[in-house]
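Structure first, then comments.
The values are calculated or read from the model by the stated rules, or taken from the named source; none is laboratory data. Because the structure is predicted, anything quoted here is derived from the model rather than measured. Every residue, glycine as well, gets a Cβ built from its backbone with ideal geometry; the counts of neighbours run over all protein chains shown. Accessible surface is based on the protein model in full, side chains and every heavy atom, while ligands, DNA and RNA are left aside. Shrake-Rupley method; radii C 1.70, N 1.55, O 1.52, S 1.80 Å.
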Amino acid sequence: SVLVRTGNEAKIIRSALLEENINSVYLSLKESVFASTLAQDLLRLLNACLHPSNERYLRSAIACKLFSLTPFQIHSIFSDTLSWETKIADFARYKQVWEESGILVMLQQCLHEQGISAHLLAQNSGEQQGERLLTDLLHLTELLQKNSMIYEGAFALLRWFSDQIMNAKSEQGEQKQRLESEKELVQVSTLHKSKGLEYDIVFIPFSGLYREPTECLFHDNQQRLIFDLDGNEVHKESTEKELLAEDIRLLYVGLTRSVYRCYLGIGPYKKGRSKATPLVKSALGYLCMQAGEVLEAGDDQGLQRLLASVCEQSVNIGVRREPMLLDETYQAISRSSADLIAPKQFTGTIEKNWWVTSYSALSRFHSAPTIEDKQSKKIPEESMLTVDKPNSLLGDLSEPTVMDIFSFPRGAKHGTFLHELFEEIDFQQSDSESLSPWLTERLTVNNYDQAEQWAPIVSKWIIQILEHPLAESTYPELSLSQLTVQQKKVEMQFFIPMQPIESESVNKLIAHYDPLSARAGALQFNKVQGMLKGFIDLTFEYQGQYFVLDYKSNYLGDSLNDYSEQAMQDAIVEHRYDFQYQLYTLALHRLLKARLGEDYDYEAHIGGVFYTFLRGMQGESGAGSYFCKPDFALIDKLDKLLSGELSAEKMLESLC
């Protein structure tokens, strides 16, 4: 590795290495990729693609460095009618590809057809190394593709690209220049960047350089930063002393980076009119020379004597003269194919029929409930549509809508809003007075009309829900308002591994143990395996037992009778919520079995499942809250069926 102080020193070293046919990579890149001349040339190319009939744009693009054409070649294209028309046709086609397939596809096609990638990679002179240029070009195409998703239209994208070029600065993010290669190259880095790193062999070619202080800036005895505009001599000495201390620290960093050997470049160079070399003022000179010792510029012999005295103090330090230049150009050692290790062959198998699914995906398709179940339901007369009164609909629209719990907006968006409210509120610290202003703000943010009118209604509703008895006959004192923050877990996520299962075996299992599943239509999902993912609205602990609760904002009617036990069962059957609470119970069962170990007992620790139909939770018992506890045999066999411990055939045999 070669360690330098500044980016300018890095350019000098890399240029000298390139003259000797030695490739290098600069590890301390800070420039924005938009600051390169390549970005300006790419902008010319894009303008030509966007305006293929504009001769000024097209000439500017063809003459830029991307095409790497000689002046004679450029003149030939401009003067030959056939060549010029061919270029116009090419760029008109690129415009069409841009519009149809996007900028990345267009640029890849253009770079390939016009030979731009090959031209850039062939360049290998001075600072314009081919790999560096091609890396920057591909980086710019990636950024253009990414921002094409943000800026709609080619004109907006080019305006953004032009602004980035005009305001390009040093970057640390995605616009920072990338390393052009990861091959075995000479690494050039700054001393600051190398801190804490380690290299086998280190070269510090500019170790003897002395930097004159440009400003009189130093710290006084009380560590206050002083900036002396007058340049007092005493203050100048303090500035030089601090600068020397910094140089010594950096020299120490460089000397301690190598594992085996470290080379320091040193010479009695001349600067300005002074006869003495500035080497004596550098950190290396300070360490090697006695106080007040002077070394004239160009005095090689004096420097040799000085370094010889330093070498006498340590056997690990030696002095070497500048090596003789070789007539032969350096050639990088290329490994033969025989030296390369053959890649390991993958002999395993990848299961492609595997994915993450959910309750929603498995229950999306299911047959209608049984005929007997349908016939048992009576359709109320008032719900039937009549068409003999053409003005009745207009009459309904003219009547003012009553703002109450039943008329609160319906749909998935509004159900999500209610879920979010219960995720945030404290069940024990909520009251109507404190909730109302908070709800006004939340309703306004979520674009509800008449937010101030809805806030007191929703506030009262939430209090009713929190105080509503969840299962009065089984747990007479249990309501949401009884739960502390420590007792509940909001939106608990779970993943259940699944071996290959089919809907037929699942249908027969759940219908055998759950009366609601027996009433419901059959699930119709294809054979599936992988992971079953889900989120449980609320998981809580009460009196040593664990429960699952799911909020349902379904509209079942405009009276509490519409949210009775039978009405809630019908809604659960219709939407296949029975399968949902069975999976949720299985997730809780697996969690407790893993956490509690041998102490776990399903009957003792699993309390059951609550499905709360929020519009019916207005204080009246028997309405709005449905409770059940799935049979242990159902959960146990479902667990073993999904884990592969129980085959579908044996499971069906156990049901007979």
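Exactly one condition in (1) under 30 Å from Ala16 (Cβ atoms); (2) open to solvent by 30 Å² or more (accessible area, probe 1.4 Å); (3) free of Cβ contacts under 8 Å to residues at least 24 places away in the same chain; (4) within 32 Å of the chain's Cα centre (by Cα) is false for Ala118; which is it?
(4)
Residue by residue, here is whether (1) in contact with a strand residue (DSSP E or B) (Cβ under 9 Å, 6 or more places away or on another chain); (2) crowded, with 19+ Cβ neighbours inside 10 Å; (3) over 25 Å from Val573 (Cβ atoms); (4) in contact (Cβ under 8 Å) with a residue 12 or more places away in the chain holds:
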residue	(1), (2), (3), (4)
Val485	no, no, yes, yes
Ile510	yes, yes, no, yes
Arg519	no, yes, no, yes
Lys533	yes, no, no, yes
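Tell me yes or no: at least one residue of segment 96-104 is modelled with pLDDT of 90 or more, farther than 16 Å from Asp136 by Cα, open to solvent by less than 20 Å² (accessible area, probe 1.4 Å) and of a type outside the set (Gly, Ala, Ser).
Yes, some residue in segment 96-104 is modelled with pLDDT of 90 or more, farther than 16 Å from Asp136 by Cα, open to solvent by less than 20 Å² (accessible area, probe 1.4 Å) and of a type outside the set (Gly, Ala, Ser).
Does segment 472-483 contain any residue that is assigned to a helix (DSSP H, G or I) and either polar (S, T, N, Q) or surrounded by fewer than 19 Cβ atoms within 10 Å (Cβ to Cβ) (or both)? Walk me through how you get there before you give the answer.
Residues of segment 472-483 assigned to a helix (DSSP H, G or I): 480-482.
If we keep only those that are either polar (S, T, N, Q) or surrounded by fewer than 19 Cβ atoms within 10 Å (Cβ to Cβ) (or both) too, we end up with 481-482.
There is at least one residue in segment 472-483 that is assigned to a helix (DSSP H, G or I) and either polar (S, T, N, Q) or surrounded by fewer than 19 Cβ atoms within 10 Å (Cβ to Cβ) (or both).
Looking at segment 330-339, can you tell me whether even one residue there is surrounded by 10 or more Cβ atoms within 10 Å (Cβ to Cβ) and at pLDDT below 70?
Taking every residue of segment 330-339 in turn, at least one turns out to be surrounded by 10 or more Cβ atoms within 10 Å (Cβ to Cβ) and at pLDDT below 70.
Contact list please: Cβ distance under 9 Å, first residue in segment 1-30 and over 22 Å from Leu197 (Cα atoms) and touching a residue at least 24 places away in the same chain (Cβ under 8 Å), second residue surrounded by 18 or more Cβ atoms within 10 Å (Cβ to Cβ) and hydroxyl-bearing (Ser, Thr, Tyr), pairs at least six apart or on different chains.
Hits for this filter: Leu17/Ser24; Leu18/Ser24.
Output the qualifying pairs, or none if there are none: Cβ atoms under 6 angstrom, residues six or more apart or on different chains, first residue in segment 408-427 and in a loop (DSSP other than H, G, I, E, B), second residue modelled with pLDDT of 90 or more.
Pairs that qualify, where the first residue is in a loop (DSSP other than H, G, I, E, B) and the partner is modelled with pLDDT of 90 or more, are Arg410/Tyr555; Phe427/Leu466; Phe427/Leu480; Phe427/Ser481; Phe427/Leu483.
Tell me which helices (runs of 4 or more DSSP H) are completely within segment 1-86 and hold 2 or more residues being among the acidic types (Asp, Glu) and more than 31 Å from the chain's Cα centre (by Cα), or say none if there are none.
So the answer is 7-19.
Looking only at segment 6-56, filter to residues that are of a type in the set (Asp, Glu) and open to solvent by 30 Å² or more (accessible area, probe 1.4 Å); which one of those is farthest from Trp160 (Cα to Cα)?
Here the answer is Glu20.
Listed here are the residues, each with its yes/no results for (1) closer than 20 Å to His112 by Cα; (2) touching a Cys at 6+ places or on another chain (Cβ under 8 Å); (3) not charged (D, E, K, R).
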position: Pro52; (1), (2), (3): yes, no, yes
position: Tyr57; (1), (2), (3): no, no, yes
position: Lys65; (1), (2), (3): yes, no, no
position: Ile74; (1), (2), (3): yes, no, yes
position: Thr81; (1), (2), (3): no, no, yes
position: Trp84; (1), (2), (3): yes, no, yes
position: Lys87; (1), (2), (3): yes, no, no
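Out of curiosity, is Arg59 open to solvent by 10 Å² or more (accessible area, probe 1.4 Å), in contact with a Leu (Cβ under 7 Å, 6 or more places away or on another chain) and over 19 Å from Ala168 (Cβ atoms)?
no
Count, please, the residues in segment 583-605 that happen to be free of Cβ contacts under 8 Å to residues at least 24 places away in the same chain and under 13 Å from Thr539 (Cα atoms).
Looking only at that region, the number is 0.
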